[in-house]
Amino acid sequence: MEGADPDSIDVAKMGTNAFIRVSGRGSFKNSPALKRFCLDSYERGSRRFVIDMAGCLGMDSTFMGVVSGLACRFNEGEQKSILMVNLNAENHELLETLGVSLIIDTFEEAASQEILQQFCPQTDDLAGLECGDGTDRLTIETMLSAHRELCDVSDANTAKFENVIEYLEQKIADLDGADTES
């Protein structure tokens, strides 16, 4: 389909499991939709979230921050709620570098088929998430929250993202100023 965004997220719910398939890049553009789906699914009883990364070309820090924030919210004791499967070496390394792999279960490609069969045996009824263009207020708020989550996961991330957080806080302040002028 001409003009279609190559970065997409397809989802399905099966009992207490939610299945998410990332195609293209996991990014700030599709992170608000991912977060909304997971929060809604959790409210409706989903307790295990399986994210299939077989078609994922890469992830940005917002995407990883959203995943870590969801894991911190959903994990119950030692039971991790998010399983990320079919990770290539690069994506696995990204999760390890930011400490996200400490709060989610990660599986490289070789171990993933058993996990998919166990938690998501039927994934034929996938629906695409409606993702924005990355310029709206919700996206900026999601980006800010995601980067704060990454700093909570690992102190080492604070130095990496302090400038990003300051920039995003200023963007929101600018939007608030523009709202009061209207």
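Percent relative contact order of the range 31-166, based on C-alpha pairs within less than 8 angstrom and at least six residues apart? Across the range 31-166, relative contact order equals 31 percent.
Surface listing: LEU83, LEU129 arranged by accessible area from highest to lowest gives LEU129, LEU83, probe 1.4 Å. Only helices reaching 15 angstrom along their own axis (Cα) with mean Kyte-Doolittle hydropathy no lower than -1.0 count here, and for the DSSP H runs of the chain these are 31-43, 61-74, 109-119, 137-153, 156-181. The listed residues ARG25, ARG44, ARG73 rank as ARG44, ARG73, ARG25 when sorted by accessible area, largest first, using a 1.4 Å probe. For LYS171, a cut-off of 22 angstrom between C-alpha atoms picks up these lysines, skipping any fewer than 8 places away in its own chain: LYS29, LYS35, LYS160. Structure remark: mean-square fluctuation, Gaussian network model of the chain, C-alpha springs under 10 Å; the largest value among ASP105, ASP60, ASP133 belongs to ASP133. For the chain, modelled as a GNM whose springs connect Cα atoms under 10 angstrom apart, the maximal fluctuation among SER68, SER101, SER154 occurs at SER154.
Straight-line reach from LYS13: taking Cα to Cα under 17 Å and skipping same-chain neighbours fewer than 8 places apart, the aspartates and glutamates in range are ASP40, GLU43, ASP52, ASP124, ASP125, GLU130. Only loop residues by DSSP count here, and only those with at most 15 other Cβ atoms within 10 Å; note down the GluC sites (Glu not before Pro) in the range 129-182 that meet that. Answer in residue order: GLU130. Simple rule: put +1 on each Lys or Arg Cβ and -1 on each Asp or Glu Cβ in the chain, find the dipole, and look at THR16, GLY177, ILE140; the Cα lying farthest toward the positive end is THR16.
Tell me the carbon and sulfur percent of the accessible area for the range 26-182, rounded to whole percent, probe radius 1.4 Å. Please list the in-between numbers first.
Details: 3810 of 8200 Å².
The computed percentage sits at 46.
Can you tally the net charge around GLU149? Count Lys and Arg as +1, Asp and Glu as -1, for every other residue whose Cβ sits under 12 Å from the Cβ of GLU149. In short, +2.
The values are calculated or read from the model by the stated rules, or taken from the named source; none is laboratory data. Model, not experiment: these values are computed from the prediction. Glycine also receives a Cβ, built like all others from the backbone with ideal geometry; neighbour counts cover every protein chain displayed. The protein model used for the area step is the full one, side chains on, heavy atoms only, and it has no ligands, DNA or RNA in it. Shrake-Rupley method; radii C 1.70, N 1.55, O 1.52, S 1.80 Å.
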